[in-house]
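First comes the structure, then the notes that go with it.
Please treat every number below as a calculation from the coordinates, not as lab data. Since this is a predicted model, take the numbers as computed values, not measurements. When we count neighbours, we look across all protein chains shown, and the Cβ atoms used for this are built from the backbone with ideal geometry, even at glycine.
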Amino acid sequence: MNDILSGTLVRLSAVDPDEFSKAFAVWQRDSEFMRLMDSNAARLGSQKDSQKSLEKELEEQQLHQHGFTIRTLAEDKLIGDIGLYVVNWSGRDAFVGLGIGERDSWGKGYGTDAMNLILRYAFMEVNLRRVTLTVFEYNPRAIRSYEKAGFRHEGRLRKLLHRDGKRYDELFMGVLRDEWMELTQ
Amino acid sequence: MRDLFRGELVRLTAEEPELRAKQEARWARDTEFHRLADSDAAQLYSDKKIKEWIEKNFEDGFKPDRYPFSIRTLDDDKLIGFLGLWLNLIHSEVWLGIGIGEREYWGKGYGTDAVKLCLRYAFMELGAQRVSLGVHEYNPRAFRAYEKAGFRLEGRTRKDIMREGTRTDSLWMGILREEWMQLQNGGQP
């Protein structure tokens with residue numbers, strides 16, 4: 001069997017609260033990153049607080065949460081994080097969240113590679129039936145990446161987001177295990 | 001839609017730590033019940049201690065892999081036993097544990113009714129693909145009840161239990177989703 005946590009450009013690695021909170025403290029200074037990742041107002045939090053909340057999450061070892069950090073294969077550099085959050089076990093559906101914090105790593109296929117890995121993990125390891133995500137209309141790079149990974153457009157919350165005086169939609173995308181199996185065969 | 005928690009003789013209800021602990025402390029004094037339900041040495045705990053354990057299990061609220069119930073009669077709402085399901089979330093397998101503590105309700109179909117209810121719950125609500133259980137060889141009444149509900153004998157651990165100077169086997173039983181569906185359909189696939 002292949003190592004299911006290594007892709008062609010990146011690998012998924014364990015979350016180290018100390019390391020990750022330090023990287024995130026730097027990434028959050030970039031308000032564009034924060035807007036692409038989150039629909040709330042971009043804001044700055046302390047490294048200590050985010051380290052504490054990560055440590056708490058790990059301590060609880062939540063059954064429905066599968067979180068990883070993303071590292072490049074070439075330099076083993078921490079560039080982002082990705083996680084599955086199982087919302088419904090009887091339906092076997094999870095939300096996926098992905099953020100590439102290092103600007104240098106945008107638009108180079110790292111995110112798509114990480115998404116391919118987490119989909120394989122979701123369908124082949126956690127045995128889920130579908131994976132869902134939301135993405136903002138003003139993030140076409142992410143939308144294209146998710147389409148490449150196999151996600152289909154499923155709906156939109158119209159004019160939910162308000163950025164720089166304009167309103168944008170939040171898009172829902174999803175991929176079923178059967179569709180993903182077909183794509184990867 | 002039918003009420004998943006209501007059978008023909010019993011219904012499944014939420015656990016109430018105080019009442020459950022009181023009953024369980026009483027049931028435990030019956031060493032025959034203890035031996036049928038458990039493989040440990042019979043031991044007695046106060047209802048206060050048992051209540052603490054039950055409450056501790058609930059401290060973090062609902063857990064997606066644990067489904068505890070009390071068993072009550074439909075007739076007079078009497079608490080006669082308990083039932084727990086442990087769901088393996090990754091593989092959609094459920095482990096079943098059940099005990100009827102009240103002696104007067106043994107051998108009258110109450111346990112079978114509760115097992116049938118929890119099979120429906122496991123397959124139709126939790127999305128289980130199989131349900132598993134273990135039973136002592138010296139408990140033929142339980143074994144028959146599980147068979148009636150659709151379980152099949154899948155294997156045994158030979159001579160692992162020592163009771164009264166005699167070694168006996170543990171039996172492992174299971175039922176697959178398709179088998180259960182077929183039973184609901186009068187044996188037709």
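Results, tabulated for the structure shown:
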{"quantity": "Radius ratio Rg over Rh of the protein assembly as shown, counting only Cα atoms, Kirkwood formula for Rh", "calculated": "1.07"}
{"quantity": "Distance (nanometres) between label positions extended 7 Å along Cα→Cβ at A:Asp76 and B:Glu52", "calculated": "4.8 nm"}
{"quantity": "Pair B:Lys22, B:Asp3: separation of 7 Å Cα→Cβ label points (nm)", "calculated": "2.4 nm"}
{"quantity": "Per-residue Cβ neighbour rank within 10 angstrom, fewest leading, A:Glu182, B:Glu102", "calculated": "A:Glu182, B:Glu102"}
{"quantity": "Ranking of A:Tyr168, A:Tyr85 by count of other Cβ atoms within 10 Å, fewest first", "calculated": "A:Tyr85, A:Tyr168"}
{"quantity": "Label-to-label distance, nm, for residues given as A:Arg29 and A:Ala42 (7 Å Cα→Cβ offset)", "calculated": "1.3 nm"}
{"quantity": "For the range B:71-98 and the range A:18-77, distance of Cα centres in Å", "calculated": "40 Å"}
{"quantity": "Length-normalised contact order for the range A:10-184 - Cα pairs under 8 Å, 6+ apart - percent", "calculated": "17 percent"}
{"quantity": "Theoretical gain in end-to-end length, B:Glu164 to B:Leu74 [0.36 nm per residue, Cα-Cα removed]", "calculated": "28.7 nm"}
{"quantity": "Helix-derived mean residue ellipticity, 222 nm - over chain A, DSSP H n ≥ 4, -39500 (n - 2.57), to 500", "calculated": "-9500 deg cm²/dmol"}
{"quantity": "The range B:10-184, relative contact order in percent, only Cα pairs under 8 angstrom and at least six apart counted", "calculated": "17 percent"}
{"quantity": "Reachable lysines, given that their alpha-carbon falls under 22 Å from the alpha-carbon of A:Lys108 and they are not under 8 places away in the same chain", "calculated": "A:Lys77, A:Lys148"}
{"quantity": "For the range A:90-183: rounded, prolate or oblate by the Cα gyration tensor [a/c cutoff 1.5]", "calculated": "oblate"}
{"quantity": "FRET E, pair A:Glu125, A:Glu60, Förster distance 25 Å, beta-carbon r, rounded to 0.05", "calculated": "0.75"}
{"quantity": "Full-extension gain in nm, B:Glu147 to B:Lys63, via 0.36 nm per residue minus C-alpha separation", "calculated": "27.3 nm"}
{"quantity": "Two-site FRET efficiency, A:Ser53 against A:Ser6, from Cβ-Cβ distance with R₀ of 35 Å, rounded to 0.05", "calculated": "0.80"}
{"quantity": "Sorted by Cβ neighbour density within 10 Å, fewest at the top, the residues A:Arg29, A:Arg129, B:Arg72", "calculated": "A:Arg29, A:Arg129, B:Arg72"}
{"quantity": "Three-way shape call for chain A based on the alpha-carbon gyration tensor, with the a/c threshold at 1.5", "calculated": "rounded"}
{"quantity": "Count, lysine Cα pairs under 27 Å in chain B, 8 or more residues apart or across chains", "calculated": "25"}
